[in-house]
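The values are calculated or read from the model by the stated rules, or taken from the named source; none is laboratory data. This structure is a prediction, so every number in the text was calculated from the model and none was measured. Cβ sites come from the backbone with ideal geometry, for glycine too, and all protein chains shown count toward neighbours. Calculation scope for accessible area: heavy atoms of the full protein, side chains included, ligands and nucleic acids excluded. Shrake-Rupley method; radii C 1.70, N 1.55, O 1.52, S 1.80 Å.
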Amino acid sequence: MSFLKEIQRRRTFGIISHPDAGKTTLTEKLLLFGGAIQEAGAVKSNKIKKGATSDFMEIERQRGISVATSVLAFEYKNKKINILDTPGHKDFAEDTFRTLTAVDSVIVVIDVAKGVEEQTEKLVEVCRMRNIPMIVFINKLDREGKDAFDLMDEVEQKLNLRVTPLSFPIGMGYDFKGIYNIWDKKLNLFSPDQKQKVSSGVEFTDLNSAELEKYVGEKSAKRLRDELELCYEVYPDFNRDEYLNGDLQPVFFGSALNNFGVKELLECFIEIAPTPLPKKAEERNIHPEEKEFTGFVFKIHANMDPNHRDRLAFIKIVSGVFKRNAPYLHVRLNKKLKFSSPNTFFAEKKEIIDESYPGDIVGLHDTGNFKIGDTLTQGEQINFKGIPSFSPEHFRYINNADPLKSKQLFKGIDQLMDEGVAQLFTLDYNGRKIIGTVGALQYEVIQHRLEHEYGAKCSYENINIHKACWVHPEDDKNEEFKEFLRVKQRYLARDKQNQLVFLADSAFTIQMTQQKYPSVKLHFTSEYDSTKK
Ligand code: G4P
């Protein structure tokens, strides 16, 4: 197959949702369609069970599964589909944000009864900021839930999206009769005992035909006609360009558990979802069709085996063909590297590959060369942009609990931070180290891993910080800036990229600081700047 055809047939996307909306179930059903797995239940949930915060076995188990499910690839109708797994647990939200830099589109799963939930709001906001094309899947229609129109209103308002339904439910819960697919004009009838079976749907172009009554009964037929009429009046027509630009989000309804509405979603997805997209580098835009290979690291996973401290760096291929054993330039280190056993992922299996194409993810064994955001090329000096770091929610001092092992501790902290487990800040005035995380769970993960993988011990100490604000620009000649540095010196720190950070103890402090020093710009996100060592 030609290089261009290989690109055209790839679809790389992520599924995002609030925990329990049905992401794992939907992923599994998609894999079943691709024949990548044979039975339901094969994809293990990578959820950390509620209340498992101090269960290290659970953390280790989760880490094991999350390597296995980091990328789930399958073939469907000659399309190569790569699903990038995004952790559902909110304590790992930072991981999800980074993974979103490697997807070309997303599917947002929403529970019909719960509607838009907190985690969905945050993740969708990140996708909106990047204009990532999104399809919304409203799940669990076999249960009682919110009215379809109310839900679409909620999606528009809370998620700030502009939606158009491409399928529409006929009843729900006890009374759920099926779905009318606006996209391919087919009627799919639901029978709850038909679990796992796929109904191919009845071609149904004329909804005014009396045939509809035969299928769904008089009352439901009338209601469906009325509701669809309203849909056509209220919602814009589907337009692929608008979807691709992130200006319009098609909505599907279904029940992942019952494998209902999933095939329709997949069929539409492979037609409308984008093929691998160009990516911005600091120097220029890189197009997938370019002959020379380029790619970037969006995730690093430590090996499970503590005796071999090698790690797996996940690279998204942006352009060209990645080849095994070819020398590639690690731009930040200005060093040529060869990879003799790059991994590709197929369902839950890892295999060594010889070649990979744009849109694909390869896992490279790494002994400490990679950081998140690093760029690999065939020789060109480019740096891919935009793996942002958000302000952590929790902050604690980290102390060395075993003075004989300080070297191990620093190495451990350094490597865990490169992996993106948490963020490290070093106070300017006394050099003390502060770990910032999205969730409290990470502190236990870090302590556990430092001990088991690096033989180092740490303890934590509370510190009252509300948010980390990145400070730009550093203009030493500006009197106001100098004053800010002097007054706030106890709260100033450096992140791992040596960028200046103001650690504010309250929202009020941030507000007051902004008022008092208007020329000092405070930012709540940073970009991992891969050009700085
Ligand atoms: P997540 O990855 O988004 O966190 O959700 P997951 O797929 O694990 O689904 C969460 C729960 O919702 C699971 O039940 C799952 O069976 C159920 N579920 C998913 N899709 C549907 C659906 O279409 N209809 C109904 N009624 N339920 C659905 P659980 O009891 O928490 O777990 P399990 O014991 O079934 O694995």
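Points worth noting:
- Counting only residues at least eight positions apart within a chain, or on another chain, the lysines with an alpha carbon under 16 Å from that of K323 are K291, K336, K338.
- Region 311-408 shape via C-alpha gyration tensor axes, a/c threshold 1.5: prolate
- Too-long pairs where the Cα-Cα distance tops 23 Å, listed order kept, from K79/K177; K411/K467; K23/K122; K411/K433; K177/K222; K280/K411: K79/K177; K411/K467; K280/K411
- Measuring max minus min along each principal axis, the C-alpha atoms of region 135-176 give extents of 31, 18, 13 Å (largest first).
- Taking every C-alpha pair closer than 8 Å and separated by at least 6 residues, the mean separation divided by the residue count of region 93-187 gives a relative contact order of 25 percent.
- Other residues with beta-carbon under 14 Å from the beta-carbon of V163 carry, at +1 per Lys or Arg and -1 per Asp or Glu, a net charge of -4.
- Annotation note: trypsin sites (Lys or Arg not before Pro) in region 253-322 located in DSSP loop regions with a Cβ neighbour count of at most 14 within 10 Å are R284, K291.
- In sequence order, calculated HN-Hα J values of region 374-385 (Karplus, 6.51, -1.76, 1.60; Hz; x Gly/Pro): 5, 10, 10, 9, 8, x, 5, 8, 10, 10, 5, 9
- Of the three principal axes defined by the Cα atoms of the chain, the extents in descending order read 80, 55, 46 Å.
- Per-residue [θ]222 nm for the chain (sum of -39500 (n - 2.57) over DSSP H runs n ≥ 4, rounded to 500): -8000 deg cm²/dmol
- Using a cutoff of 8 angstrom between alpha carbon atoms and counting only pairs six or more residues apart, the relative contact order for the chain works out to 14 percent.
- Charge tally in the Cβ shell below 12 Å around L265, where Lys, Arg are +1 and Asp, Glu are -1, L265 excluded: -2
- Whether region 394-532 is rounded, prolate or oblate, judged on the alpha carbon gyration tensor where a/c under 1.5 counts as rounded: prolate
- Mean Cβ neighbour count within 10 Å, used as a protection proxy, ranking 506-518, 247-259 highest first: 247-259, 506-518
- When D95, D414, D354 are compared by accessible area of protein heavy atoms, the largest-first order is D354, D414, D95, using a 1.4 Å probe.
- Separation between Cα centres of region 331-371 and region 423-462, rounded to whole Å: 29
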